[in-house]
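Bear in mind that the values in this text are calculations on the coordinates, not laboratory data. All of these numbers come straight from a predicted model, not from anything done at the bench. Virtual Cβ from ideal backbone geometry, glycine too; neighbours counted across all protein chains shown.
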Amino acid sequence: MHVILMGPQGVGKGTQAGRIAGQVGLSHLSTGELFRAAIKAGTPLGVMAKKILDEGNLVPDDITLGIVETRLDEIAAERAAGGNVQGALFDGFPRTIPQAEGLDEMLAKRNESILAVIEITAPRDVLVRRLSGRRVCPHCGWTYHIEFDPPKVDSICDNCGHTIVQRDDDTPEAIERRLSLYDQQTAPLLKYYADRGLLKTVDGNRDMESVSEDLIRTINGN
Ligand code: ADP
Ligand code: ADP
Ligand code: ZN
């Protein structure tokens, strides 16, 4: 059983997934994080993906579906080994109709399914403000905000002690580009899932704790 977090860049998908995944027995699956890890490791995938990410474009669907399938295999293996993980909490995937169709095929083949698709919402000006102040830990992937969610010690990750940084694609140009790609390519997915009765909505324009509580309630089905 998998859950998909949808919503535009900056709405808080990664932040929320990091906070709640363990509590709902899911494994946080961020395709952006998988691409950044490949870039850091210098794998052939990473070399190819670097320019695409820096410009704020989307990685081709077949490649994205491939890394998702690999990660789903790992989650299934963890589960078979007795881990408390029921499935993936998708963050940033799927982003196109072909990705959503590819995911459906993949899950049918694996006898797995989507429990819920949760759209998190916030107004555009809030998204831009959140993205402009975003900082991430390059070591553990935790997300911060210089104003709304700073680390305890200036510029140092609370979790692992590494220096937090601004992502290469959180420039004003790439932010604009990513938000308009969302409207063109990803927003149509909301109808795709609503038509199948899977879509729920959570207001993301509130403090992190309230959003987390709402998401957990929605995933647990009450
Ligand atoms: P996404 O994964 O949807 O692109 P992130 O989780 O990276 O979004 O969040 C974007 C930025 O907004 C981060 O800097 C994060 O700290 C901040 N943020 C997330 N949720 C909230 C919230 N509820 N209130 C204020 N800032 C938030
Ligand atoms: P953001 O929430 O700001 O979009 P992510 O970490 O989710 O950041 O993604 C960073 C980048 O990784 C995207 O701009 C895109 O280049 C690539 N990426 C992530 N997920 C996908 C996906 N599902 N399909 C294609 N490209 C993706
Ligand atoms: Zn860290």
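Things to note:
- Efficiency of FRET between LEU198 and SER132 - r from beta-carbon atoms, R0 25 angstrom, step 0.05: 0.20
- Distance (nanometres) between label positions extended 7 Å along Cα→Cβ at ASP168 and ALA80: 3.6
- Global size of region 179-222 as Cα Rg and Dmax, reported in angstrom: 12.7, 33
- Panel values: region 148-216, Kirkwood radius from alpha carbon pairs, Stokes-Einstein at 25 °C and 0.890 mPa s, translational diffusion coefficient 158 µm²/s.
- Taking 7 Å steps out from each Cα toward its Cβ at GLU112 and VAL47 produces label points 3.0 nm apart.
- Check: region 110-219 dipole with +1 on Lys, Arg Cβ and -1 on Asp, Glu Cβ, in debye: 280
- Radius of gyration and maximum dimension Dmax of region 8-109, Cα, Å: 13.9, 41
- Extension gain (nm, one decimal) between GLN185 and ASP54, 0.36 nm per residue minus Cα-Cα: 45.3 nm
- For region 72-123, fraction of C-alpha pairs farther apart than 17 Å, in %: 45
- Estimated D of the chain in µm² per second, where Rh is the Kirkwood radius over Cα pairs and Stokes-Einstein applies at 37 °C, 0.692 mPa s: 184
- Shown is the FRET efficiency for ILE146 and ARG206, computed with R0 = 25 Å from the Cβ-Cβ distance and rounded to the nearest 0.05: 0.80.
- Take every Cα pair under 8 Å whose residues are at least 6 apart in sequence, average their separation, divide by the length of the chain, and the relative contact order is 31 percent.
- Summing Cβ point charges (Lys, Arg +1; Asp, Glu -1) relative to the Cα centre of the chain gives a dipole of roughly 120 debye.
- Net charge contributed by nearby residues that have their C-beta within less than 9 Å of ASP91 (K/R +1, D/E -1): 0
- In this simple spin-label approximation, ILE63 and ASN159 carry label points 7 Å from Cα along the Cα→Cβ vector, and these lie 2.5 nm apart.
- Rounded Å value of the spacing that divides the Cα centres of region 112-155 and region 184-222: 16
- Relative protection proxy for 162-170, 116-124, from highest mean packing down: 116-124, 162-170 (other beta-carbon atoms within 10 angstrom).
- Of LYS40/LYS152; LYS51/LYS200; LYS51/LYS109; LYS50/LYS200; LYS13/LYS40, pairs whose Cα-Cα distance is over 29 Å: LYS51/LYS200; LYS51/LYS109; LYS50/LYS200
- Peptides 144-156, 96-108, ordered by how many other C-beta atoms sit within 10 Å of their residues on average, highest first, read 96-108, 144-156.
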